[in-house]
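To start, the structure itself, in structure tokens.
The values are calculated or read from the model by the stated rules, or taken from the named source; none is laboratory data. Values in this document were obtained by computation on a predicted structure and should not be read as measured data. No Cβ is skipped: glycine too gets one built from the backbone with ideal geometry, and neighbour counts run over all protein chains shown. Only protein heavy atoms, including side chains, enter the accessible area calculation; ligands, DNA and RNA are left aside. Shrake-Rupley method; radii C 1.70, N 1.55, O 1.52, S 1.80 Å.
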Amino acid sequence: MRRVVTAPALAAACCLSLTACSDRDDRSDPQPSPRTALTLGQGSDTAGVDGKGTVKITADSVAYVETAGSSAPEHDLFAVVRYDAANRSKTPVTSTVDTGGFRWKPPDGHTVSAGNTTAARGVFAFGSSEGGATVPPKVLTTDTIAFDITTARKGATLIYVDGDDVTYRWKIPPTSSGSTATALESALQ
């Protein structure tokens, strides 16, 4: 039996074939590939500054506090996130933490960077690292970042953009949460 392929069927097959083989993305606003949002306690390997090295970033806990030591927020409260940065390599790796890597995106979409106010930049949790963005070889550091937010912006997506411009997301609950939330609240007093 002989099969006849019609012009529309041939055109559709060719278009599908070209689309499947193309690396091109026809969207006008290219975005990073979608990723499933992580939960507190989950980590992901991220690229260091300029794509050099790998640091595993784990957002561990969040605490919402009205004051932190002698710092008072310019808005309603501080959202303070405790995170770990682990470098399993033999060379130091610099994360994007100090160059705007962490961001807070609440449901209203008003995204702010960590340390978005002078007050937020002054928040420090007792017992966290002061080592900065560079993680020494074979070391895990624990640190915090703070966001000065309104009460309405509690509960958000924590965003981390690494050195390759890849975006990682954590779903942050609207209440203090995570394995070290109570200790974090105490460390912020």
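What's the number of the condition ASP162 fails, among (1) open to solvent by 20 Å² or more (accessible area, probe 1.4 Å); (2) under 15 Å from GLY53 (Cβ atoms)?
(1)
Identify all residues within region 80-136 that are over 21 Å from THR54 (Cα atoms), among the charged types (D, E, K, R) and within 12 Å of the chain's Cα centre (by Cα); write none if there are none.
Within region 80-136, LYS105 is the sole residue that qualifies.
Which condition number does VAL93 fail, the rest of (1) among the aliphatic types (A, V, I, L, M); (2) touching a Pro at 6+ places or on another chain (Cβ under 9 Å); (3) closer than 23 Å to THR39 by Cβ being met?
(3)
I'm checking my understanding of the structure. Among residues of region 141-169 that are among the acidic types (Asp, Glu) and touching a Ser or Thr at 6+ places or on another chain (Cβ under 7 Å), which one is farthest from ARG88 (Cα to Cα)?
Ranking the qualifying residues of region 141-169, first place goes to ASP148.
Give region 129-172 a look and list any residue that's out of contact with any Pro (no Cβ under 8 Å at 6 or more places or on another chain), more than 19 Å from SER44 (Cα to Cα) and either at pLDDT 95 or above or among the hydrophobic types (A, V, I, L, M, F, W, C) (or both), or say none.
Within region 129-172, ALA146, PHE147, THR150, THR151 meet the criteria.
If you take just the strands (runs of 3 or more DSSP E) that sit entirely in region 86-188, which of them hold at least 2 residues that are touching a Gly at 6+ places or on another chain (Cβ under 6 Å) and over 23 Å from GLY69 (Cα atoms)?
Passing ranges, in order: 156-161.
Give the residue that is most open to solvent (accessible area, probe 1.4 Å), with candidates limited to residues of region 68-85 that are touching a residue at least 60 places away in the same chain (Cβ under 8 Å) and not in a strand (DSSP E or B).
The selected residue is GLU74.
Which condition from (1) free of Cβ contacts under 8 Å to residues at least 24 places away in the same chain; (2) within 15 Å of PRO73 (Cα to Cα) is the one that THR182 breaks?
(2)
Return yes or no: is ALA156 loosely packed, with under 15 Cβ neighbours inside 10 Å and among the aliphatic types (A, V, I, L, M)?
no
What are the pairs, 6+ residues apart or on separate chains, where a residue within region 114-139 that is hydroxyl-bearing (Ser, Thr, Tyr) has its Cβ under 6 Å from a residue that is surrounded by 18 or more Cβ atoms within 10 Å (Cβ to Cβ)?
These pairs meet every condition: THR117/ASP148; SER128/ASP143; SER128/THR144; SER129/THR141; SER129/ASP143; THR134/THR94.
Based on what the data block shows, is THR58 open to solvent by 40 Å² or more (accessible area, probe 1.4 Å) and β-branched (Val, Ile, Thr)?
No, not satisfied.
Can you tell me which residue in region 97-141 is surrounded by the most Cβ atoms within 10 Å (Cβ to Cβ), limited to those that are among the β-branched types (Val, Ile, Thr) and farther than 25 Å from LYS154 by Cβ?
VAL135
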